[in-house]
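Novice: Before we start, here is the structure in question, set down as structure tokens.
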Amino acid sequence: MCYKAISRTKSPIFGIPKKKNHMNIHEYQAKGILSGFGVTVQRGKVVDKLEDAVTAAKELNAETGTEWFVVKAQIHAGGRGKGTVEETGSHGVVLAKGLDKVEDTVKGILGGHLETAQTNGVGKLVSKVLICEDVYYPGEAETEEFYMSVLMNRATGKNMIMYSTEGGMDIESVAENTPELIFHEEIDPGLGLQGFQARKIAFNLGLSGAAFKDMTKFVAALYKSYVNSDSSMFEINPVLKTSDNRILAVDAKVTIDDNALYRHPDYAAMRDESEEDPTEVEAGKVGLSYVKLDGNVGCMVNGAGLAMATMDMIKLLGFEPANFLDVGGTADAARVEQAFRIILKDPNVKAILVNIFGGIVRCDRVAQGVVDAYKNMGEINVPIIVRLQGTNAVEAKKIIDESGLKVMSAIALKEAAEKVQQALS
């Protein structure tokens, strides 16, 4: 996905993406949103049972006249066309050349585990497939594939349409090897997309005639849907110019801003928790910001900035953080216990570093929360290092030191990190 390759923000030392408040949805859901705002999309029907596949294909044939059908796995990952279903060897996007081929094609994908370049070596269960019309039909003109995305350029505070003539499955390599083929059009959110900007995009894509006019309409509708859906990112790859000069979205990835879901209950209902890390889902339900990583040092911190600094310190000492976990401003006993339980679900965790700055929340209350949580959970078989700084930090250290528990206290962040190093040596 081009957005990852070009614009993802990272911690300068640790090198992981900062936590984004967003919700991913499936392709068929994204196309539904786009279509609702007037964006022309490749039409299709989603099924979750094999016995419904042929019926869906027949209905699609009646509505569109298509005789070939594109079957697409619905998972939250890119690269499906190059991915492989572990059980059958099928790809995640397959063309069924006729109604009689639909059932076997769906059988090769639905219910299997699809592994792509974005699934980190683990196949994701395909519980739904989208059966789409064939839009690569013969005609007088050649078909062309483009790339287009809409997102916020945080450096300028403006929305940005990013696009390229080189759409298709290899857009990441285009961004890496030939960045000059990636164009950007910035849009003042106060003014909105101007007509000349939509025409400029169509011109840079080398279009003329009917395709030029259709592209300007497509861009305007796409930007309108981005703004009105409160999304944080749209990615259409490919945007297709058909052989009869129509412009439409063949694929669609839409990422919705979590903070705006109260305005869109219908979008909130689209969330598919089976596509998310179960521990992250559990943490979210109790109000904890948690991201699982690949290291062995569990982190419990309050504040995203302090969390990033803590992970950087661990990295500089030669270890790897096992998670990002922000307990927020109410680190009482119940919340601390929930955080401990979530961290300890990861079998790779060999030590836990608690790093809390007491501003709104007093350090002595956090310390008592740590002690109470430890007692409630029983014996914790990994070293725990607690660094509390801020309001009532001295009292907090005394509570930890006199608790009789296997918990080490520290004052400075460097001291805490060094105690982690000692515990793991």
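The values are calculated or read from the model by the stated rules, or taken from the named source; none is laboratory data. Every value quoted in this text rests on a predicted model; they were computed, and no experiment measured them. Quick reminder, even Gly has a Cβ in these numbers, built from the backbone with ideal geometry, and neighbours come from all protein chains shown.
Table: residues versus (1) among the aliphatic types (A, V, I, L, M); (2) outside any helix (DSSP H, G or I).
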position	(1), (2)
Gly79	no, yes
Glu103	no, no
Leu110	yes, yes
Asn120	no, yes
Ser127	no, yes
Val135	yes, yes
Glu142	no, yes
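Novice: Restricting to the range 361-409, and then to whatever is among the acidic types (Asp, Glu) and touching a residue at least 24 places away in the same chain (Cβ under 8 Å), can you tell me which residue is nearest to Gly298 (Cα to Cα)?
Specialist: Checked the range 361-409; the qualifying residue nearest to Gly298 (Cα to Cα) is Asp372.
Novice: A further question on this structure: Please tell me if Tyr262 is touching a helix residue (DSSP H, G or I) at 6+ places or on another chain (Cβ under 9 Å), of a type in the set (Ser, Thr, Tyr) and surrounded by fewer than 18 Cβ atoms within 10 Å (Cβ to Cβ).
Specialist: In short, yes.
Novice: Let me ask another. Which members of the range 177-209 meet the condition of being acidic (Asp, Glu), outside any helix (DSSP H, G or I) and surrounded by fewer than 16 Cβ atoms within 10 Å (Cβ to Cβ)?
Specialist: Of everything in the range 177-209, those that are acidic (Asp, Glu), outside any helix (DSSP H, G or I) and surrounded by fewer than 16 Cβ atoms within 10 Å (Cβ to Cβ) turn out to be Glu186, Asp188.
Novice: Oh, and also: When the residues of the range 144-166 are narrowed to those that are in contact with a strand residue (DSSP E or B) (Cβ under 9 Å, 6 or more places away or on another chain) and surrounded by fewer than 16 Cβ atoms within 10 Å (Cβ to Cβ), which ends up farthest from Ala221 (Cα to Cα)?
Specialist: Filtering first and then ranking leaves Thr156.
Novice: Can you pull out the residues in the range 377-414 that are of a type outside the set (A, V, I, L, M), in a helix (DSSP H, G or I) and within 35 Å of the chain's Cα centre (by Cα)?
Specialist: Hit for the range 377-414 is Lys414, nothing else.
Novice: Is there a residue being β-branched (Val, Ile, Thr) and either farther than 30 Å from Tyr374 by Cβ or free of Cβ contacts under 8 Å to residues at least 24 places away in the same chain (or both) anywhere in the range 286-308?
Specialist: Within the range 286-308 (the criterion being β-branched (Val, Ile, Thr) and either farther than 30 Å from Tyr374 by Cβ or free of Cβ contacts under 8 Å to residues at least 24 places away in the same chain (or both)), the answer is no, since none of the residues qualifies.
Novice: Sticking with this one: Against the definition (under 18 Å from Lys31 (Cβ atoms) and not acidic (Asp, Glu)), how does Tyr147 come out, yes or no?
Specialist: yes
Novice: Ok, one more. I need the full set of residues from the range 286-311 which are part of a helix (DSSP H, G or I) and either surrounded by 18 or more Cβ atoms within 10 Å (Cβ to Cβ) or modelled with pLDDT under 85 (or both), in order please.
Specialist: Ala304, Ala307, Met308, Thr310, Met311
Novice: Restricting to the range 167-176, count the residues that are more than 20 Å from the chain's Cα centre (by Cα) and surrounded by 18 or more Cβ atoms within 10 Å (Cβ to Cβ).
Specialist: Final tally of qualifying residues: 2.
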